[in-house]
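The values are calculated or read from the model by the stated rules, or taken from the named source; none is laboratory data. Predicted model only: the values in this text are computed from it and were never measured. Backbone-built Cβ (ideal geometry, glycine too); neighbour counts: all protein chains shown. We work out accessible area using only protein heavy atoms, side chains counted, and drop any ligands, DNA or RNA first. Shrake-Rupley method; radii C 1.70, N 1.55, O 1.52, S 1.80 Å.
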Amino acid sequence: MDTEPDAPVTEAELHAWMDGELPEERRGEVERHLAGNPDLARRFERYRAQRAMLQGTFGPLIDRPLPAALVPPYARPAGRPAVRPRRWFPALAAAAVLLVFVAGGAGGWW
C-alpha cells in the first residue's frame, strides 16, 4: 500500500479506517478525503451504523457454542481425532480401472 501523503485514498483504506485498522500515518489523509467528499462520508457513516447495529445484535452470541440443532450430524466432537482416509482406496480404484479395461477389450474382441 502506498503511504505517500498525496497518494489517492482507496476503498480498502476507507474500510480499514472504519475498522480502526488503518496505520496512523494514513488516517489524516483518509479523514481529509472524507471531509472533502460528503457523499462518501455519508456512505461510510451508514456502514458504521450498520456495523454497530450488527455488533449490538450478534456480538454477545459470537463466543457461544452452536445449539445442538445447528450442529451437522457429521461434525466431529471437539477433542476427537479426525478420521484418517482409507489407504485401500487407490488400490480399489486401480482394480476397477483394470476390470473396465479388460472387460472393454474382451467385449471388443468378442
Checking Ala75, Ala95 in turn, the sole residue that is modelled with pLDDT of 80 or more and over 30 Å from Met18 (Cβ atoms) turns out to be Ala95
Expected output for the stretch 8-20 (first residue over 13 Å from Tyr47 (Cβ atoms), partner surrounded by 13 or more Cβ atoms within 10 Å (Cβ to Cβ), Cβ below 7 Å, 6+ apart or cross-chain) is Val9/Glu29; Val9/Val30; Val9/His33; Glu13/Leu22; Glu13/Arg26; Glu13/Val30
Practice task
Can you confirm whether the stretch 21-41 contains a residue that is open to solvent by less than 90 Å² (accessible area, probe 1.4 Å), within 21 Å of the chain's Cα centre (by Cα) and not charged (D, E, K, R)?
Solution key: yes
